[in-house]
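Structure first, commentary second.
The values are calculated or read from the model by the stated rules, or taken from the named source; none is laboratory data. Everything quoted here is computed from the prediction, not taken from an experiment. For neighbour counting, all protein chains shown are included, and Cβ atoms are generated from backbone atoms with ideal geometry for every residue, glycine included.
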Amino acid sequence: MTSQTETAEAPRRTFLGWPRWFGTLFVVDMWERFSFYGMLAILYLYLVAPAERGGLGMAPDTASALFGIYMAMVFMAALPGGWVADRLLGARRAVFAGGVLIALGHLCLAIPMDGALYPGLGLIIAGTGLVKPSMAAMIGEMYPGRPEKREAVFSIFYMSIQVSALFAPLLTGYAAERVDWHLGFGIAAVGMFAGLIQYGVGLRNFGDVGLRPVNPATPEERARVLRGTALWGGVPLLLVVAGVAFGALTLDRVLMLIGLVLLVAPVVYFRRLLRRPGVEAEDRPRLRAFLWMLLASSVFWLMFAQGPALLNLFALESVDRDVAGFEVPASWFQSAQPLFLLLLAPLFALLWTRLGARVGTPPKFSAGLLAGGVSFAVMAFAASQAESGLVSPFWLLLVYLLIVCGELTVGPVGLSLAAEVAPRGHTSQVLGLFWMFAAIGAALGGRLAELTNVLPLPVYYLVLALLGVCTALALAAGAKSLGRRLQATSRRT
């Protein structure tokens, strides 16, 4: 039988110097991210657009809360999705099943009918939870014992996300804002269907990789998980649906309930992680120190979540978007972040290499949070200027540039730290914990936007700026202590 490594090396290099299997995954991920970011660029604008313009006419604070909950659930869906891939389906089938769910979700949003929003978002969340960890798992499988090859592949693979995020808002945004909102969602659906076709054509290049579950669940485990899912997921869902149907629950109350669950879940997960077999006494101080880093990262993701929501609305209402007689769609500003990422990522990679171990993780995190805080100080100034008329788009571009500088610090550095502090055999779980705290930030960011009902926008953005700067200063003040605790125990080999 051909080994996984041989399967990976056998095909001739036909895609950017890498085997065909990589080309298949690269293109599929690019289409999947095209559909995701294309929809993300227009979702909030669709929610708040008045009914006469084809939107849902939601209040901005309700739309922000819904958007934040959606983003948080996308982050957290990778945990159950990864379990299904590892224990039930195998990565290969999980990617296909997830892609089908995503495509159907976008198709729901593309059909102009009442009640399609929530099933559509639910399908996209479930599908994304299957696709993202499964794709990463397949790449990880194909170079066992060769981390340098795997890291190189992941670096190039990451480019597919940014390329898609750069171009998707340009296409879906123009179609949605200039023609019809549902056409924009339809373009996102076409992107995912194209990815599925590419995936089906390229499957012959994968050999046995991802064909079967890594650690198949026993019938007893399946039954136990099914019972737990029905009890803790199905029953509450039925109660919520019944409450909404009989008018006992409003949308705001449902979002509040989901938000509470999202806030509690990472805390429960962290406490259970500390008590698991294999997590030894010497691991726990590092994990507790890591918890402070996770809380700080939540503050950054809280600020980050404002981009596709309130900053998109600011672009629509307060930015001079006229360029030589052409009005730039507001959603196009969502392409600024991936553009800055593509330009700056090599520079940041070089910076971290040059700095080496001389600068620890807490100071880097502090710098990232400071960049995020300063971005909203700039935003507060721009919002104050907008009270007397439209402002230059360069203010918003500067805000996105600063946010990207923070993202390039908090994201990669945080993931690297998660892998570093994880006890042996628990790396995936600690990485999942990092994204769970990102979900906390996204959910809180959506709820915090409700302050715009009582605070002027310049004051609201100044509150975000102070939150980011104060968190950065607090982290800097405790950097030495945190650094010692994070490095207190060398990782076992």
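Filter region 388-441 for residues that are without any contact (Cβ under 8 Å) to a residue 60 or more places away in the chain, crowded, with 19+ Cβ neighbours inside 10 Å and hydroxyl-bearing (Ser, Thr, Tyr) and give the result.
Scanning region 388-441 gives no hits.
Out of Val240, Val225, which single residue is β-branched (Val, Ile, Thr), outside the structural domain of Ala59 (by TED's automatic domain parsing) and farther than 24 Å from Leu47 by Cα?
Val225
Within the group Gly105, Gly186, Gly98, Gly191, which residue is modelled with pLDDT under 90, touching a helix residue (DSSP H, G or I) at 6+ places or on another chain (Cβ under 6 Å) and not assigned by TED's automatic domain parsing to the domain that holds Asn312? Even if it seems obvious, please write down each step before you answer.
On the way: Gly105 fails: modelled with pLDDT under 90; Gly186 fails: modelled with pLDDT under 90; Gly98 fails: modelled with pLDDT under 90.
Selected residue: Gly191, the only one of Gly105, Gly186, Gly98, Gly191 that is modelled with pLDDT under 90, touching a helix residue (DSSP H, G or I) at 6+ places or on another chain (Cβ under 6 Å) and not assigned by TED's automatic domain parsing to the domain that holds Asn312.
If a residue must be touching a helix residue (DSSP H, G or I) at 6+ places or on another chain (Cβ under 7 Å) and either of a type outside the set (A, V, I, L, M) or under 21 Å from Cys405 (Cβ atoms) (or both), how many such residues does region 320-350 contain?
The total comes to 18.
Take Val153 and tell me if it is of a type in the set (Val, Ile, Thr), farther than 15 Å from Glu32 by Cβ and modelled with pLDDT of 85 or more.
It is false that Val153 is of a type in the set (Val, Ile, Thr), farther than 15 Å from Glu32 by Cβ and modelled with pLDDT of 85 or more.
Looking only at region 352-370, filter to residues that are touching a helix residue (DSSP H, G or I) at 6+ places or on another chain (Cβ under 9 Å) and free of Cβ contacts under 8 Å to residues at least 60 places away in the same chain; which one of those is farthest from Ala474 (Cα to Cα)? Break it down into steps so the answer makes sense when it comes.
Within region 352-370, the subset touching a helix residue (DSSP H, G or I) at 6+ places or on another chain (Cβ under 9 Å) is 352, 355, 359-370.
Within this subset, residues satisfying the condition of being free of Cβ contacts under 8 Å to residues at least 60 places away in the same chain are 355, 359, 364.
Values: Leu355: 22, Val359: 17, Lys364: 13 Å.
Per the stated criteria, the residue is Leu355.
Of the residues that make up region 475-493, is at least one among the hydroxyl-bearing types (Ser, Thr, Tyr), in contact (Cβ under 8 Å) with a residue 24 or more places away in the chain and part of a helix (DSSP H, G or I)?
No.
Collect the residues in region 174-212 that are over 26 Å from Leu313 (Cα atoms) and in a loop (DSSP other than H, G, I, E, B), keeping them in residue-number order.
Phe206, Gly207, Asp208, Val209, Gly210, Leu211, Arg212
Assess whether Met58 counts as being more than 25 Å from Ala305 (Cβ to Cβ), out of contact with any Asp or Glu (no Cβ under 9 Å at 6 or more places or on another chain), of a type in the set (A, V, I, L, M, F, W, C) and not in a helix (DSSP H, G or I).
The answer is no for Met58.
Can you tell me which of Leu203, Leu251 is touching a residue at least 24 places away in the same chain (Cβ under 8 Å) and closer than 22 Å to Met113 by Cα?
Only one candidate qualifies: Leu251.
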